[in-house]
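Everything on this sheet refers to the single structure shown next.
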Amino acid sequence: MEEDSNKSPWENVLEFTKMAQKKEIDTMTWAIRVSSILGYFNIPLPCPELAEVLVAHICWDNNVPVLWKYLEKVMSSRIVPPMFAIALLSTRVFPIRGKNPIAYRLYMEILKRYCFDFTSQMDPNFKRIRMMVDDVLHLSKRFGAQAHEQGVFEVEYIFCILWQLLDATLEDEGLLDSSLERIPNLVNGPHDMELDIVESIDQSKNEYYEKLVKENTTMAIEVIDQFLHHKVICRLLSLIHQNMPCLWKRFSQCLQMLASNSLALKNSTVSPDRLINWSFDIVNKKFWKFKSSKYRELCPISSGPFESPGGHCHGPSRSAIWVPLDLYLEDAVDGSISATNAIETISGLLKVLQTVNRTTWHEAFLGLWMASLRLVQRIKDLIEGPVPYEDARMCLLLSITTLSIADVINEEKCTTNNQTENSNISQLQDTVLQGERHRALVHSLQLLGNYESLLVPPPSFIYVANQAAAKALAFVSGIPISVGFFESIGTNNKLNCSGNMWHLIVEACIARNLLDTSAYLWPGYVNDHTNQIPQNTSDEGSDWSALMEGAKLTTSMMKIPAS
């Protein structure tokens, strides 16, 4: 089947989908073909309009399993944004869940698979997707905060989906009475009219449907529990408690009602105490506490803008707002959670914290650098096991953290590029002056050099830290860096380079093209030891390298110190 340019892309997609349904074409073949159609019409991916077309096609004249499989396939392939597809399904499925329990079951299966996935934030047109999700779920109207802002969206989106499940479960069990306040239009939305077009259920299916409705209620409780105890989502919900106390009170009341009176809860894998204790733990910040004594070195909340660099508290005022970063990094390094998609998770969490707590970007970046450095500093209190602690923690600092910050900065670049595609020359010139997040990164790294007690490298990394400092020292001094330059650092007693974690972090940023060598000129970055660098340092290093590679011993080599 060839694309018909006289028809819209959506007509082409629907025609092929109907044909694929009749011929029972597998999901992969169907998805590839749909992607080809979108490419033919130059439609970028992920495509939220495709999600609208498919959901509208399924609900409810074509509510058949194969179409749900097709929808799930384009979600898993990121041809459509999962967040937007879930938002669309929420408005369609909840109102008819009683008369169409199969659709509700399929919706919850999709929810379990994709609602905990935050990689949609990596999409280049994620800002547009956020706006479309807000239009569907009315997040800004319901919660009184602009969901178009980064970070706020993630909190409101998760809270809305969770409360929809909770509200529906209470209603299905007859527990939602006038004593419990509800957010307007939370479950019953503009699609209530679709109850009339759902096909009548055959009497022979009544018993099966009734059983499925009860199973769905039990499953919904288990999905709610997964939300509440998911490490990242739990920390997002704690921000609701801190910033929206009225909504938190209503939500807690609903949760307590479910825990105390639900009959379906008895048939689930969730205990009532687990739900009751969860709200108590959030209020008392139990989820913000570390699991054992090895995690207790988080800095206390400072009273001023910054504590003394030589003191014990490292970070901006309200430093406790960055504790979720410490928690995630510690959990990732000790294997408590999967480190898959760690870059996306950290960058997403950083954006949430930056927006909700109304900090500047340089404070946010500085908070992440310090959380990563604290992770490394806690090495000295750990007993080395089969997995090297130093390597894993240094990897998180120099690789994962650096790439997470690069992700946040690149998002701004993508937005800027999209805005300037059709701009005139004057607007393009203004763009050159933009790059707020990149400037914030530079500022944060310059400030980071003041916190000397955090920057002490682990013993096994002192040598490479010295190499990084020596590289900057040689650059500033105008000395060429040859192959054997770094080897000469250890063999030349005249060269004294005191490197630390600051130098390693800057080198990691230079390697990722986040900085250039102008960073070597920052005040305090290079110690004033330029007169200590002999001009033949690089030559000695080269001779030493040649000797190690098997060259014959020469007179000049004999003059090189052995240690």
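Okay, residues lined up against (1) surrounded by 19 or more Cβ atoms within 10 Å (Cβ to Cβ); (2) of a type in the set (Gly, Ala, Ser); (3) free of Cβ contacts under 8 Å to residues at least 60 places away in the same chain:
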site	(1), (2), (3)
2	no, no, yes
8	no, yes, yes
17	yes, no, yes
21	no, no, yes
27	no, no, yes
37	yes, no, yes
62	no, no, yes
75	yes, no, yes
97	yes, no, no
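Okay, residues lined up against (1) in contact with a Leu (Cβ under 7 Å, 6 or more places away or on another chain); (2) at pLDDT 85 or above; (3) under 22 Å from residue 156 (Cα atoms):
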| residue | (1), (2), (3) |
| --- | --- |
| 253 | yes, yes, yes |
| 266 | no, yes, no |
| 271 | no, yes, no |
| 275 | yes, yes, yes |
| 317 | no, no, no |
| 326 | yes, yes, no |
| 338 | no, no, no |
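Mind telling me which of the residues 18, 7 ends up being more than 35 Å from the chain's Cα centre (by Cα), within 14 Å of residue 69 (Cα to Cα) and not polar (S, T, N, Q)? Let's see the steps before the verdict.
Details: 7 fails: within 14 Å of residue 69 (Cα to Cα).
Just a single option satisfies the conditions, and that option is 18.
Of the residues 442, 483, 464, 456, which is at pLDDT below 85 and of a type in the set (A, V, I, L, M)? Just one listed residue meets the conditions, 483. Checked against (1) open to solvent by less than 10 Å² (accessible area, probe 1.4 Å); (2) at pLDDT 85 or above, residue 395 passes all but condition (1).
Look at residue 367 and say whether it is open to solvent by less than 50 Å² (accessible area, probe 1.4 Å), at pLDDT 90 or above and not hydroxyl-bearing (Ser, Thr, Tyr). Here the answer is yes, as residue 367 does meet what is asked. Taken over the stretch 220-238, residues that are open to solvent by less than 10 Å² (accessible area, probe 1.4 Å) and not small (Gly, Ala, Ser) amount to 9. From the residues in the stretch 156-174 that are open to solvent by 10 Å² or more (accessible area, probe 1.4 Å) and in a helix (DSSP H, G or I), which one is nearest to residue 360 (Cα to Cα)? Among those residues, the one meeting the criterion is 171. Of everything in the stretch 370-385 that is at pLDDT 85 or above and open to solvent by 10 Å² or more (accessible area, probe 1.4 Å), the residue that is nearest to residue 235 (Cα to Cα) is 374.
The values are calculated or read from the model by the stated rules, or taken from the named source; none is laboratory data. Small disclaimer: the values here were computed from a predicted structure and weren't measured. Glycine gets a Cβ as well: all are built from the backbone with ideal geometry, and neighbour counts include every protein chain shown. We work out accessible area using only protein heavy atoms, side chains counted, and drop any ligands, DNA or RNA first. Shrake-Rupley method; radii C 1.70, N 1.55, O 1.52, S 1.80 Å.
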